[in-house]
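Engineer: First the structure, then my questions, so here it is.
The values are calculated or read from the model by the stated rules, or taken from the named source; none is laboratory data. These numbers were taken from a predicted model, which means no experiment stands behind them. As a convention, Cβ positions derive from the backbone with ideal geometry for all residues, glycine included, and neighbour counts pool all protein chains shown. Each accessible area value is taken on the protein alone, full model and side chains, heavy atoms only, with ligands, DNA and RNA left out. Shrake-Rupley method; radii C 1.70, N 1.55, O 1.52, S 1.80 Å.
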Amino acid sequence: MAAVNGGVSFWYAADGVPEPGPGLPGDRDVDVCVVGGGYTGLWSAYYLKKADPSLRIALLEQRFCGYGASGRNGGWLYNGFAGRGAFAKRYGQQRAAAMQRVMDDAVGEVVEVAAAEGIEADIVRGGVLEVARSKPQLERLRAFVEGERGYGEGRVELLSAKEAGERVDVAGALGGSWSPFGARIQPAKLVRGLARVVRDLGVEVYEGSAVTAILPGSAYRKPRAVTGSGTVTADHVLRATEGFTAGLRGERRTWLPMNSAMVATEPLPADFWAETGWQGREVLGDFAHAYMYAQRTADDRIALGGRGVPYRFGSRTDSDGSTQAETVGGLRAILNRFFPAAAQARIDHAWAGVLGVPRDWCATVELDRVTGLGWAGGYVGSGVTTTNLAGRTLRDLVLGRDTELTGLPWVGHTVRRWEPEPLRWLGVHAMYAAYHAADRQEAGGRVTTSPIARVADLVSGR
């Protein structure tokens, strides 16, 4: 049986891709307009409506809720966020540590809200296991664990090769780290559940309603979100479009839509799991420069992802999640290296999606009170948990609250725009070619981090 390629993602395979709900029927005037029906938009609508049920909230989505990264990601509900090191350098270690603490807590927040709202998303809180399969990776892993002490003692454990193997037996692992701040989820189930909950709360959700422009407000006019079937005017318009932001008028160079791809195997037999372990359902990653990420699904498959073709010229995005045969082959090779016992396993599904990358690789959240426009995103692939924090932060900003969340360093963080084409395309492809070359060099026996990767880090601004 040939693998399904596309169809948005494997996460929709069981129940099918949903048909879009009713679209925007014409012009609307509300209190808050949310643009984007992924995690960021849904969490923002959820927390705003819970805080003030009287708010009139309209949410606009171009296809259906969960069409983008929220329905395609690797299912890592964990405490990483884009830009921590940069925030520490720019705003100080104390403020970066404060954000890390709320990110640690946000993992539990998502789990608790899902339980309270009856959202069944195959959540298992097994933590985050990352492994090193070469000496340079092990050097970086140890430095990472040491650095975590600056954000609180006892947050991450350094594991020997034996200890890492007792959790998940990854071939060639020289060591690992484990953090309790992580859980496995089924991404599409979480986003569908959130969409159901916000509708039940009274949020107006309009699907199949692509926004072409978000226009700022002024002293004489409120901000607006423009679609082909009407314009929504509101006191606040919140942009929650992440990897699809470049498709909005004037936003081509705001965040770069980076591609990430995944494969899912057939369900694997009991003897495979007995041999490799993975009984705790930890999410699994590594310390390569072009890193991988994986989970053991609820129906006992391995879902594994990484970078394929990293970027399409002109910030274009795909239409249905299909990915290149070359990318599928590369992910297959990673699967075989990590788990030789799965080398003959069938690949049932392959897919891809885009994530938003700011020029400095730092996530941001903001509300401009002059224009009435707000936004959150640029998660660089660490958005499953960060979106929840973004939603709560946007709630506080919209409601004018001065809270711990509104004082975090990513609020109001400014980022310069990406270079114009063809420099953008050339730079991103050169960067990932360098990272892949560095990984090959390190796998070939190099004992320290490749200088190719160090140069790529400097050039990219990571």
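Engineer: Pulled fully out, how much extra length does the chain show between Lys89 and Ser160, if you take 0.36 nm times their separation in residues and subtract their Cα-Cα distance?
Structural biologist: Once the chain is fully extended between Lys89 and Ser160, it gains 22.5 nm.
Engineer: Could you do me a favour and compute the accessible area per residue for the chain, 1.4 Å probe, result in Å²?
Structural biologist: 39
Engineer: What three numbers, in Å, describe the spread of the alpha carbons of segment 323-441 along their principal axes, ordered from the longest?
Structural biologist: 56, 34, 24
Engineer: Can you tell me the 0 to 90 degree angle between the C-alpha axis of helix 39-51 and the longest principal axis of the chain, rounded to 10?
Structural biologist: So the helix axis and the longest Cα principal axis differ by about 50 degrees.
Engineer: Using R₀ = 35 Å, calculate the FRET efficiency as 1/(1 + (r/R₀)^6) where r is the Cβ-Cβ separation of Ala14 and Asp52; round to 0.05.
Structural biologist: After rounding, the FRET efficiency stands at 0.45.
Engineer: For the chain, take the longest principal axis of its alpha carbons; what is the angle in degrees between that and the long axis of helix 93-116, to the nearest 10 within 0 to 90?
Structural biologist: Around 80 degrees separate the two axes.
Engineer: Students often get this wrong, so try it: which of (i) 22.4; (ii) 21.4; (iii) 23.3 is Kirkwood radius over Cα pairs in Å as calculated from the structure shown?
Structural biologist: (i)
Engineer: Provide the packing ranking of 123-129, 13-19, i.e. peptides ordered by the mean count of other C-beta atoms within 10 Å per residue, highest first.
Structural biologist: 123-129, 13-19
Engineer: Also, I was wondering about something else. Between Ala115 and Ala433, take the C-beta separation as r, use R0 = 41 Å, and let me know the FRET efficiency to the nearest 0.05.
Structural biologist: 0.40
Engineer: Accessible area of the chain with a 1.4 Å probe: how many percent of it is carbon plus sulfur?
Structural biologist: Ligands and nucleic acids excluded, carbon and sulfur reach 53 percent.
Engineer: Describe numerically, in nm with one decimal, the distance between label points set 7 Å from Cα along Cα→Cβ at Glu275 and at Arg417.
Structural biologist: 5.4
Engineer: Gain in length, Phe313 to Glu139, computed as 0.36 nm per residue apart minus the alpha-carbon separation, to one decimal in nm?
Structural biologist: 59.1 nm is the gain from fully extending Phe313 to Glu139.
Engineer: What's the whole-number percent of alpha carbon pairs in segment 191-285 lying beyond 18 angstrom?
Structural biologist: 68
Engineer: While we're looking at this one, here's another question. Mind ordering 401-407, 308-314, 296-302 by average Cβ neighbours within 10 Å, highest first?
Structural biologist: Order by mean packing, descending: 296-302, 308-314, 401-407.
Engineer: Treating only the Cβ of Lys, Arg, Asp and Glu as charged (+1, +1, -1, -1), what charge dipole size does the chain show about its Cα centre? Round to the nearest 20 debye.
Structural biologist: 1300
Engineer: To the nearest 10 degrees, how steeply does helix 325-338 sit against the main Cα axis of the chain, on a 0 to 90 scale?
Structural biologist: The angle comes out near 50 degrees.
Engineer: To the nearest 0.05, how large is the calculated FRET efficiency for Tyr220 and Asn336 if R₀ is 56 Å and r is the Cβ-Cβ distance?
Structural biologist: 0.35
Engineer: With respect to the cross-link table entries Lys50/Lys89; Lys50/Lys222; Lys50/Lys189; Lys135/Lys189, which display a Cα-Cα separation exceeding 29 Å?
Structural biologist: Over 29 Å Cα-Cα: Lys50/Lys89; Lys135/Lys189.
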